[in-house]
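The values are calculated or read from the model by the stated rules, or taken from the named source; none is laboratory data. Quick caveat, the model's predicted, so the values are computed rather than measured. Backbone-built Cβ (ideal geometry, glycine too); neighbour counts: all protein chains shown. Heads up: the accessible areas ignore ligands, DNA and RNA and are worked out on the full protein's heavy atoms, side chains in. Shrake-Rupley method; radii C 1.70, N 1.55, O 1.52, S 1.80 Å.
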Amino acid sequence: MERNEIAAVLAYIGRLDPRTIRTGPGQARDQIAQWQELLDDVPLATDHGWDVREAIRSHVLDSPYPILPVDVARKWRAHRRDRLDRHTDPTPAADPDDPAAWRVELLRSRNAVAAGLAAPSTHRQITSGGRSRDVAERLREIGSCIPPAVRAELARYRPTRAAREAASASGIPDALSVRCEWCHAPAGAPCRQRRTNPDGTARGNAVRAAPHPSRIDLATARLDRQRAA
C-alpha cells in the first residue's frame, strides 16, 4: 500500500477503534511509517476476495486488543497461502521444448494468483490451449467413440439398438421413440407379441423383431410435426 492508502486505512481503523488514534504530529507520522514498512506488499483490495477493510473489521470484532500492522500482514499471507493451495498450474501455452519460457509462464500465473490479479485454477487441464469443449461437440468432431468394426460386432447382441441407429442414420422415423398403443411397450422398449385369449385377456410376451405398424405410424406423425414446427 502507498502512504496515502495507509493514512486512509488508519483513519478507518480510528473510526472503529478510537484507541488506535494518534493525535500528535510526530506520533501520526511514525505510525504511518511503521504501517507502511510492514504493509508495503499488502494490497488495499483485489478483485478476488481480499479487502483490507474486511480484515480490519474481523479483527475488531474478534479480538479485544487494538489491531497492529502485523495482524493485517498475517491475514494477507494466510489469504495468499489459501489461494495458492487451491491453485493448480494450467498447462502453459509456451513450447515445452523451451524450459525457460515454460517456467516464466508458470511463475507469471502463480504470481498473478498470489497477488489477487487472477482467480485460482482449481482443476488440472489435460490439454493445453483453447476452451474446454463438451462431449457432444467432441463427438461431432470425431464421429463416434465406438469404432465402426466394434459397432458392427455389437449389433448381433443388441439388435434393437442397432435398428434404431440404422433408422436414425437413414432418416427413417425411430418407432421406439414413442409408446406403442397396441402392446403398451414404453418408449425405448421393443414391442411385444400380444395375443388375445377367447375370454378377452392378453397372453404372450415375446419380443417382436419389428415394431407394430401402428407404432411406426405414430412415430412418423410425430416426426412430421417436428419438421413442420
(message) With an 8 Å Cα cut-off and a minimum separation of 6 or more residues, compute the relative contact order for the chain in percent.
(response) 12
(request) Pop a pseudo-label 7 angstrom from the Cα along the beta-carbon direction at both Gln34 and Leu106 and give the gap in nm to one decimal. (result) 4.2
(message) Whole percent per 10 Å bin, from 0 to the bin with the longest distance: what is P(r) over all C-alpha pairs of the chain?
(response) 6, 18, 15, 11, 10, 11, 11, 10, 6, 2, 0, 0
(request) For an R0 of 45 angstrom, estimate the FRET efficiency from the Cβ-Cβ distance between His48 and Thr23 and round to the nearest 0.05. (result) 0.75
(request) Give the share of C-alpha pairs in each 10 angstrom bin for the range 1-68, from 0 to the last occupied bin, in whole percents, shortest bins first. (result) 20, 55, 24, 2
(request) Please find, in a Gaussian network model of the chain (springs between Cα atoms separated by less than 10 Å), the residue of Trp102, Trp76, Trp182 whose mean-square fluctuation is greatest. (result) Trp182
(message) Please compute the modelled spin-label separation between Glu137 and Tyr12, points set 7 Å along Cα→Cβ, answer in nm with one decimal.
(response) 4.0
(request) Calculate what fraction, in whole %, of the accessible area of the chain sits on carbon and sulfur atoms when a 1.4 Å probe is rolled over the protein chains. (result) 54
